[in-house]
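The values are calculated or read from the model by the stated rules, or taken from the named source; none is laboratory data. Computed from a predicted structure; not experimentally measured. No Cβ is skipped: glycine too gets one built from the backbone with ideal geometry, and neighbour counts run over all protein chains shown.
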Amino acid sequence: MTTWTTYLEQHRSRYLTELLDLLSIPSISSLPDYAAEVQRAAEWVADRLQRAGLEQVAILPTSGHPVVTGSWLHAPDKPTILIYGHFDTQPVDPIDQWTTPPFTPTIRDGRVYARGASDDKGNMLIPILAVEALLRTQGTLPVNVKFFLEGQEEIGSPQIPAFLDAERERFACDMVISADAGQWSEQQPSIWVGCKGLAGIQIDVQGPHTDLHSGLYGGVLQNPIHALVELLHSMRAPDGTILVAGFLESAHPLSEVDRALIEKVPLDEEAYRNQLGVPALAGEPGYSTLERNWARPTLEINGIWGGFQGAGVKTVIPATAHAKISCRLVAGQEPEQIVDLLTDHVRRHTPPGVAVTVQALPGRARPYLMPIEHPGNQAVHRVLAELYGREPYYIRSGATLPVADLFLRTLGADTVSFGFLLDDEQFHAPDEFFRLASFERGQTAYCRLLAELGR
């Protein structure tokens, strides 16, 4: 009887050909002209699920790009695992910085170069192939499996909350495994346990009804840019501490266990500083660089404008000034509450002589943090430790993954990360690539993980 290990080896060439075929579909979700290509990718994925042996395969419409699903539910008294991934991609600009065309997948030096190779088509395909190998060789799976593969992740999954709420029974599960994830390095595994939320505002300062001559009117009225700078300065202390009343109080503190796990992750701060091209690292005192990046809230000015921007001099007092602010949130903080606190802070600190309005920016997301001792994390830990020969790091992200909190709130299921992209693989940038060694390693890892979850 053929084992799943042998099956994967025997079909390695076919699996690579299939990956190249999927990568050739320009499924760019953000560009309306490519909507048909996102649909074509959905059809490709649905067909691949069916050929892998999944049942109830369907392309489910949303008010935007679709979701593809399939399931195998013949393991009584075993957990139900929902596997998540996405088949849409980012745009390819700037096109002239690609060595080879972004949707003409090319293999060079053990890597496949194409848009979506790492994020997330290569990683998304891996569990489908693992399920096929298990079904073809064993005729069964060690757990019940459902797939949730979407076509709008790269635009923030705007229709997924309403869709999932309506389809919660279809996707009911005990835990979610996200293939949209990665490892620390080629030699070092990691387990992702949390990400930050997001909230943002735009501040608009109105002074005189038009730009004014700075000589004729200087010294008699409030300059909107000065007022804006004063407002922004009031939000953070020089050492990086956020001064907005109530902002830090709701943030869950780091426990000693949390800090010990983060401390195990090595960081060469000088190399990191050189990589960023800055003379020094900075941030909230009392925390390490990784603690600040992964587990402490932030308030950042993303853009500021007003007055004359051209070459030379134009001596005006501008009529308006504007700024955009984004805040990355940690467990315990709610986006709506943070927007309210920021709005109240602006109201209380507005200098006299100007009118200020605040508008909440789109793209809010709640932070997500799962228990390190979650059974899914324990299973992943065992598999990764055996596969890599070393203990995985427990890491968090300063970025945002809204779908993890969505699955928790809608399905009551935590999301365990299990993907094999690496940070240097140029996702969202020209010359995106995925290591073929990771593509093959991931197939073995998923077979082992599903067996581990079924014990």
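Quick notes on this structure:
- Condition check for Q275: under 27 Å from the mean Cα position of the chain (by Cα), modelled with pLDDT under 95 and outside any strand (DSSP E or B): yes
- Of all residues in segment 203-239 being in contact with a Gly (Cβ under 9 Å, 6 or more places away or on another chain) and assigned to a loop (DSSP other than H, G, I, E, B), the one that is surrounded by the most Cβ atoms within 10 Å (Cβ to Cβ): N223
- Of all residues in segment 386-418 being over 22 Å from D120 (Cα atoms) and among the small types (G, A, S), the one that is surrounded by the most Cβ atoms within 10 Å (Cβ to Cβ): G412
- Looking only at segment 2-26, and only at residues there that are in a loop (DSSP other than H, G, I, E, B) and either of a type in the set (S, T, Y) or not assigned by TED's automatic domain parsing to the domain that holds Q90 (or both), the one that is surrounded by the most Cβ atoms within 10 Å (Cβ to Cβ): S24
- Test: D77 is in a loop (DSSP other than H, G, I, E, B) and farther than 17 Å from A52 by Cα: yes
- The test for being at pLDDT 95 or above, under 18 Å from P127 (Cβ atoms) and assigned by TED's automatic domain parsing to the domain that holds I126 holds for P79.
- Taken as a whole, the condition of being small (G, A, S), closer than 30 Å to H345 by Cβ and more than 14 Å from the chain's Cα centre (by Cα) applies to G207.
- Verdict on R111 being of a type in the set (D, E, K, R), crowded, with 22+ Cβ neighbours inside 10 Å, within 30 Å of L54 (Cβ to Cβ) and touching a residue at least 24 places away in the same chain (Cβ under 8 Å): no
- For segment 40-74, residues that are part of a strand (DSSP E or B), under 27 Å from the mean Cα position of the chain (by Cα) and not small (G, A, S) total 6.
- V383, sole failed condition from (1) in contact (Cβ under 8 Å) with a residue 12 or more places away in the chain; (2) surrounded by fewer than 20 Cβ atoms within 10 Å (Cβ to Cβ); (3) of a type outside the set (S, T, N, Q); (4) farther than 25 Å from T89 by Cα: (2)
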